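Notes to accompany the following structure.
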Amino acid sequence: MAELISGKLVSSWKREQIKAQVEELREKHGAVPGLAVILVGSDPASSVYVRNKHRACAEVGIRSIEILMPEETTEAELLEKIRELNDDPAVNGILVQLPLPGHISEEKVINSISAAKDVDAFHPENVGRIVTGGYKFLPCTPAGIITLLDYYKIDVTGKRCVVVGRSNIVGKPMALLLLERNGTVTVCHSRTKNLTDITREADILVVAIGRPNFLGKDAIKPGAVVIDVGINRLPDGSLAGDVDFASAEQVASYITPVPGGVGPMTITTLLQNTVNAFLETV
Ligand code: GUN
């Protein structure tokens with residue numbers, strides 16, 4: 001039976017450290033890091049994510065600024081708001097919750113955020129730095145996964161790593177971070193042929209495709225480390241990962257549950273990125 005990788009445990013340990021760091025900054029500089037979170041529209045899932053981000057900021061002492069804009073906000077209005085926040089010295093991090101309404105270009109919006117305040121690490125300058133080295137921010141979910149691997153002393157060097165999913169938010173940067181840790185990395189996606197032949201070769205398997213219970217034990221090499229990024233709402237209201245947990249835990253050596261695995265780590269990295277952005281300014 002696999003050992004559980006608890007994002008709940010590791011994130012609360014990390015958040016205690018961040019809280020202490022913020023308190024030190026308050027004493028030393030008389031100021032705390034500030035994070036602006038913009039939500040355009042009222043998508044229920046996005047509203048929950050944004051609320052969780054504000055709650056997490058409050059818990060560690062980061063000042064969060066909630067900016068709710070109506071669904072019909074124009075692209076120009078959003079860009080103007082971002083310009084204001086770019087110029088505001090009390091704002092260290094800016095996060096625009098995705099997805100945006102269809103009439104607003106996500107690319108334009110991401111490119112307009114100051115790279116120094118881009119705590120999601122979505123700006124092309126920050127993405128480029130992940131490729132070439134010398135980065136300031138790491139993308140929240142992939143960096144949170146690396147923190148989990150480190151906590152459980154799972155060494156990546158020389159391991160066969162397979163990432164299923166190629167999104168800009170998770171799959172692509174995850175592959176780069178595993179490569180940086182000296183993994184031998186393969187990225188699979190919806191057009192990959194004979195997918196399970198490849199996933200079965202993985203020592204470390206990261207699944208981020210957004211399809212509930214998509215991979216089970218037949219797709220997993222005995223002893224593999226399985227990281228499940230999926231958070232899928234089932235018709236009965238319960239949550240399921242991209243991995244069939246009950247089946248996969250029979251063969252994996254380590255596995256992340258859903259919920260309580262990768263999820264809490266994403267926000268924890270966001271908090272750390274916000275503190276790091278503040279540190280660049282003092
Ligand atoms: N939507 C889903 N995940 C994310 C994320 O990590 N950052 C932002 N800005 N939007 C998201």
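Observations on the structure shown:
- Residues of the stretch 1-25 classified as in a helix (DSSP H, G or I) and open to solvent by 90 Å² or more (accessible area, probe 1.4 Å), total: 5
- Of all residues making up the stretch 164-185, the number that are at positive phi and open to solvent by 50 Å² or more (accessible area, probe 1.4 Å): 1
- Given (1) touching a Ser or Thr at 6+ places or on another chain (Cβ under 7 Å); (2) more than 9 Å from the ligand (Cβ to nearest atom), number of the condition Cys140 does not satisfy: (2)
- Residue in the stretch 149-163 that is among the β-branched types (Val, Ile, Thr), open to solvent by 30 Å² or more (accessible area, probe 1.4 Å) and more than 30 Å from Glu66 (Cβ to Cβ) present: yes
- If you go through the stretch 69-104 and keep only what is farther than 30 Å from Glu16 by Cβ, free of Cβ contacts under 8 Å to residues at least 60 places away in the same chain and within 15 Å of the ligand (Cβ to nearest atom), you end up with Met69, Leu78, Lys81, Ile82, Pro99.
- Scanning the stretch 129-164 for residues that are of a type in the set (S, T, N, Q) and in contact (Cβ under 8 Å) with a residue 12 or more places away in the chain returns Thr141, Thr147, Thr157.
- Taken together, the residues in the stretch 47-68 that are open to solvent by less than 30 Å² (accessible area, probe 1.4 Å) and either hydrophobic (A, V, I, L, M, F, W, C) or part of a loop (DSSP other than H, G, I, E, B) (or both) amount to 7.
- Taken over the stretch 188-209, residues that are more than 24 Å from Lys153 (Cβ to Cβ), at pLDDT 95 or above and surrounded by fewer than 19 Cβ atoms within 10 Å (Cβ to Cβ) amount to 10.
- Given (1) surrounded by fewer than 21 Cβ atoms within 10 Å (Cβ to Cβ); (2) touching a residue at least 40 places away in the same chain (Cβ under 8 Å), number of the condition Pro212 does not satisfy: (2)
- Per the listing Val50, Val37, Val32, Val60, the residue uniquely touching a Lys or Arg at 6+ places or on another chain (Cβ under 6 Å), farther than 30 Å from Glu249 by Cβ, touching a residue at least 24 places away in the same chain (Cβ under 8 Å) and within 16 Å of the ligand (Cβ to nearest atom) is Val37.
- Test: residue in the stretch 144-164 that is within 16 Å of the ligand (Cβ to nearest atom), touching a strand residue (DSSP E or B) at 6+ places or on another chain (Cβ under 8 Å) and more than 19 Å from Ile220 (Cβ to Cβ): no
- Residue match in the stretch 180-197 (condition: in contact with a Leu (Cβ under 7 Å, 6 or more places away or on another chain) and either under 26 Å from Gly41 (Cβ atoms) or within 14 Å of the ligand (Cβ to nearest atom) (or both)): no
- A count restricted to the stretch 72-121 and to residues that are in a loop (DSSP other than H, G, I, E, B), of a type in the set (Gly, Ala, Ser) and over 15 Å from Val37 (Cα atoms) stands at 2.
- When restricted to residues that are within 13 Å of the ligand (Cβ to nearest atom) and either of a type in the set (D, E, K, R) or under 16 Å from the mean Cα position of the chain (by Cα) (or both), the stretch 111-125 contains 7.
- The residues on offer are Thr274, Thr266, and the sole one that is open to solvent by less than 20 Å² (accessible area, probe 1.4 Å), part of a helix (DSSP H, G or I) and either modelled with pLDDT under 95 or within 16 Å of the ligand (Cβ to nearest atom) (or both) is Thr274.
- Which numbered condition Ala115 misses (of (1) over 30 Å from Gly30 (Cβ atoms); (2) open to solvent by less than 30 Å² (accessible area, probe 1.4 Å); (3) among the aliphatic types (A, V, I, L, M)): (1)
- Flag for Ser42 being among the hydroxyl-bearing types (Ser, Thr, Tyr) and more than 13 Å from the ligand (Cβ to nearest atom): yes
The values are calculated or read from the model by the stated rules, or taken from the named source; none is laboratory data. Computed from a prediction, not measured in an experiment: that's the story for all the values here. Positions of Cβ are backbone-derived with ideal geometry, glycine not excepted, and every protein chain shown enters the neighbour counts. We work out accessible area using only protein heavy atoms, side chains counted, and drop any ligands, DNA or RNA first. Shrake-Rupley method; radii C 1.70, N 1.55, O 1.52, S 1.80 Å.
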